[in-house]
Amino acid sequence: MYKLPRGMHDFSSENINKRNYIINIIKKNFEYFGFEPIETPAIENLSTLTKKYGEEGEKLIFKILNSGDFIKDNKSLFKENNYKNIISTISNKGLRYDLTIPFVRYVVMHKHKIIFPFKRYQIQPVWRADKPQKGRFREFYQCDADVIGSKYLWQEIELIQLYDEIFTQLNIPILILINHKEIITGLLEICNIDNNYWNNILIALDKWYKIGLEGVKKELLQKGIPNNIIKYIEPFFLFKGTFKEKIEFFSKKLNSSNKVTNGIKDIKFVYNKLQEIGLNNTLELQLNLVRGLNYYTGIVFEVMPKNKNYSIGGGGRYDNLTHIFGLKNISGVGISFGLDRICILMQELKLFKNIIKYYPKILFINFGNSEAIYAYKLIKILRSKNISAELYPKPIKIIKQLKYANKKSIPFIISIGKKEIERNKISIKNMILGKENEYDNIETLIANIN
RNA sequence: GUGGGCGUAGCUCAGUAGGUUAGAGCAUCAGAUUGUGGUUCUGAAAGUCGCCGGUUCGAAUCCGGUCGUCCACCCCA
């Protein structure tokens, strides 16, 4: 039998309808918030894709083989046994890995005609050659909204409102976690922790909600972080309290660091303004929220469904991303929605109940060629009035045709046979109530079924 | 990239001390005197037991490999 390549999935129309429902709400709000759509190609040059991702990321990029007979021209190539050289000779293109890098590339390429700050959104699939597991596929959609060219915190405030609004409309109660990169790095500086340890510490912290405090401590010890340092930083991550109490605690204990002070100032600003504007969901300061080791530079956020411990969205500010593409001093901030996980979650929460199936509303029974012509004249009128209608393609037994309607949950059946044509009536059956009605013309029928 | 579970009909699964012709339910298709559904009844079709190789007189069953899948780890811009 046929198999799909690893990590690839077909989507049924039911899936698509559900996904479109979510996408429509996201898109609508993106646009209400002033973001404009762009699309970029699935394939980018490897030189573009590998600008930021580093060693680990590069392994996860799907590479596309160059066309032509590259063996003929590089006879000695495979004898070298150097994987990197071989790859760079036989492949210079790859599938995009995320939407941010192509976006930054887009901004740099089109900067002459872009009005800054540039607010764009992008909803497209990305591909990663990762080993698939729960909620992780090799092809999946990202929904990103980014602002580039403004470093003011009002952008952060707006993006949090965007999260708040969209998840409210999707009926998903969430927790919006927020943190600032400089609070953590400042803390690490105060502890005099060797730079070489930073990555390991950040990675361990990022797993907090997954493996818990003990897990994080264990991993830190394993990575060679001295126990006294763990003891020192522990209270900051354990501190329980309201948003305000946390801010006070951190700024009092860590005021020796400019970075921390700066980070707290930003967080405070965002928090206070949002309090005044008002949010439907809870905003929480969470020091162990890390996200993107060398990517984000300022405020970072993450969205978790209430009472679940996984993320369905995240983002943050990145100051140096355009820099690597040669565009200096341009700050960006963005958020992303995990479409597939949101879909799985909504299924779990049974939030798809009210989504209309896109099956035709009316099925015409096929009685034969001459009756079908008569039917099609009515179908044309119905379709022009935005009522979906179809004719059963074969003049087979009526029982069969009705069974088909049943299976597809088509609510109405119109039978135009010799009887009806002779009497100049239209007979429509409501499949839910089991009742049949007759109308003199299609206009009164339309008026009555709505 | 590392480790583990799983792979039998379209779907959910039975089926091992290795032994004739591999089963069930649901779904599908056909019929129950030809213009009205969901029920019921009868019947049919459907599988190279993921694939390749090995052990054996004989393999769905044991062994090796491979592909797919699920889970955990690594990582997640």
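The values are calculated or read from the model by the stated rules, or taken from the named source; none is laboratory data. Predicted, not measured: the structure shown is a model, and the values here were computed from it. Neighbour counts run over all protein chains shown; Cβ positions are idealised from the backbone, glycine included. What goes into the accessible areas is simple: the full protein's heavy atoms, side chains included, and nothing from ligands, DNA or RNA. Shrake-Rupley method; radii C 1.70, N 1.55, O 1.52, S 1.80 Å.
Taking a straight Cα-Cα cut-off under 20 Å and skipping sequence neighbours fewer than 8 places away in the same chain, the aspartates and glutamates within cross-link reach of A:Lys380 are A:Glu371, A:Glu390, A:Glu420, A:Glu438, A:Asp440, A:Glu443. Label separation (A:Asn441 vs A:His9): 5.1 nm, computed from points 7 Å beyond Cα along the C-beta direction.
In a simple Cβ point-charge model (Lys, Arg +1; Asp, Glu -1; nothing else charged), chain A has a dipole of about 1220 debye relative to its Cα centre.
For region A:242-271, the residues whose amide N sits under 19 Å from a probe point set 7 Å from the Cα of A:Tyr152 along the beta carbon direction are A:265-271.
Put a plus charge on the Cβ of each Lys and Arg, a minus charge on the Cβ of each Asp and Glu, and nothing anywhere else: the dipole of region A:362-449 about its Cα centre is then about 380 debye. Computed as a quarter of the hull surface, the mean projected area of the alpha carbon convex hull for region A:173-295 stands at 7.8 nm². Distance between the pseudo-spin-label points of A:Ser88 and A:Tyr32 (7 Å out from Cα toward the beta carbon): 5.0 nm. Placing A:Lys385, A:Lys151, A:Lys3, A:Lys308 in order of accessible area, with the largest value first and a 1.4 Å probe, yields A:Lys3, A:Lys151, A:Lys385, A:Lys308. Share of carbon and sulfur in the accessible area of region A:173-295 stands at 49%, probe radius 1.4 Å. Taking a ≥ b ≥ c as the square roots of the Cα gyration tensor eigenvalues, with a/c under 1.5 meaning rounded and otherwise prolate when a/b beats b/c, else oblate, which class fits region A:362-449? Rounded is the answer for region A:362-449, as its axis ratio a/c remains below 1.5. Ligands, DNA and RNA are left out, and with a 1.4 angstrom probe the accessible area of region A:173-295 is 52 Å² per residue.
Between A:Pro395, A:Pro102, A:Pro37, the GNM of chain A built on Cα springs shorter than 10 angstrom shows A:Pro395 fluctuating the most.
Centroid-to-centroid, using Cα positions, region A:183-203 and region A:294-318 are 20 Å apart. Would you kindly find the accessible area of A:Thr282, with a 1.4 Å probe and non-protein molecules such as ligands, DNA and RNA excluded, rounding to the nearest 10 Å²? Here the accessible area works out near 60 Å². Quote to one decimal, in nm, the extra length available between A:Asn17 and A:Glu284 on full extension: 0.36 nm per residue of separation minus the C-alpha distance between them. Using 0.36 nm per residue and subtracting the Cα-Cα distance, I get 92.8 nm.
Per the Cauchy relation, a quarter of the hull surface: what is the mean projected area of the convex hull of the alpha carbons in region A:401-445, in nm²?
Spelled out: convex hull of the Cα atoms, projected over all directions, averaged, 3.3 nm².
Considering only A:Ile247, A:Asn171, A:Gly186, and ranking their Cα positions along the charge dipole of chain A that arises from unit charges at the beta-carbon of Lys, Arg, Asp and Glu, the one farthest toward the positive end is A:Asn171.
Considering chain A as a Gaussian network with a 10 Å cut-off on Cα pairs, which listed residue, A:Leu339, A:Leu202, A:Leu238, attains the greatest mean-square fluctuation? Highest fluctuation of the listed residues: A:Leu238.
If you wrap the tightest convex hull around every Cα atom of region A:1-143 and split its volume per residue, you get 173 Å³.
Placing dummy labels 7 Å off each Cα toward the beta-carbon, the span from A:Phe269 to A:Glu348 is 3.6 nm. Between A:Asn196 and A:Asn386, the FRET efficiency estimated from the beta carbon spacing at R0 = 56 angstrom works out to 0.30. Against the criterion of solvent-accessible heavy-atom surface with a 1.4 angstrom probe, A:Lys400, A:Lys111 sort, most first, into A:Lys400, A:Lys111. Convex hull volume per residue, computed on the Cα atoms of chain A, equals 233 Å³.
Among A:Lys419, A:Lys52, A:Lys28, the largest mean-square fluctuation in a Gaussian network model of chain A (Cα springs under 10 Å) belongs to A:Lys419.
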